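Colleague: One structure, pasted below without further comment.
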Amino acid sequence: MKDRIKQYMDYKSISAGELSSILEVQRSNISHILNGRNKPGASFLERLLISFTDLNARWLFTGEGDMTENALTPVKDNVVEPKEVVTEEEPKLEAKQTVPNDRIVNTESKPIDKIVILFADGTFTDFKRK
């Protein structure tokens with residue numbers, strides 16, 4: 001599995017340091033996984049799959065299938081219509097976003113602490129609540 005994690009990191013052009021920041025784990029955890037000292041735990045794998053929604057879990061676990069899932073690629077006869085979502089948190093935190101209907105997550109009962117935006121070129125930026 002460590003080889004597939006490394007292959008996906010190369011595909012995304014993400015360094016171990018960037019991955020540790022995105023997943024909010026220590027840099028040493030990534031190093032230990034990539035050099036084979038430790039196997040990735042359930043929490044690490046969960047964070048990886050939640051953070052990278054295009055990563056195919058079946059491929060990650062078994063090596064079968066494609067590395068990525070193109071769930072957001074519209075198909076001519078089956079176009080996903082975006083839905084506007086507005087959320088409010090205490091203190092007043094407003095966010096407007098357009099997401100496909102099948103990607104909407106109900107955050108009404110959970111405060112948002114951090115938002116990470118992943119760009120197509122493999123870079124990212126994050127916003128934390130102050």
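Values quoted throughout were computed directly from the atomic coordinates according to the rules given, and no laboratory measurement underlies them. Only a predicted model underlies this, so the values are computations on that prediction, with no experimental measurement involved. Ideal geometry is used to build each Cβ from the backbone, glycine not excepted, and the neighbour counts take in all protein chains shown.
Colleague: Using the basic label-point model (7 angstrom from Cα toward the beta carbon), what is the Asp3 to Arg27 distance in nanometres?
Modeller: Here the answer is 2.8 nm between the modelled labels.
Colleague: Ok, one more. List the GluC sites (Glu not before Pro) within region 9-69 that fall in a DSSP loop (any state other than H, G, I, E or B) and whose Cβ has at most 13 other Cβ atoms within 10 Å.
Modeller: Counting only loop positions with at most 13 other Cβ atoms within 10 Å, the GluC sites (Glu not before Pro) in region 9-69 are Glu24, Glu64.
Colleague: Could you pull out which residues in region 3-24 have an amide N less than 13 Å from a spot 7 Å beyond the Cα of Ile50, following the Cα-Cβ vector?
Modeller: 23-24
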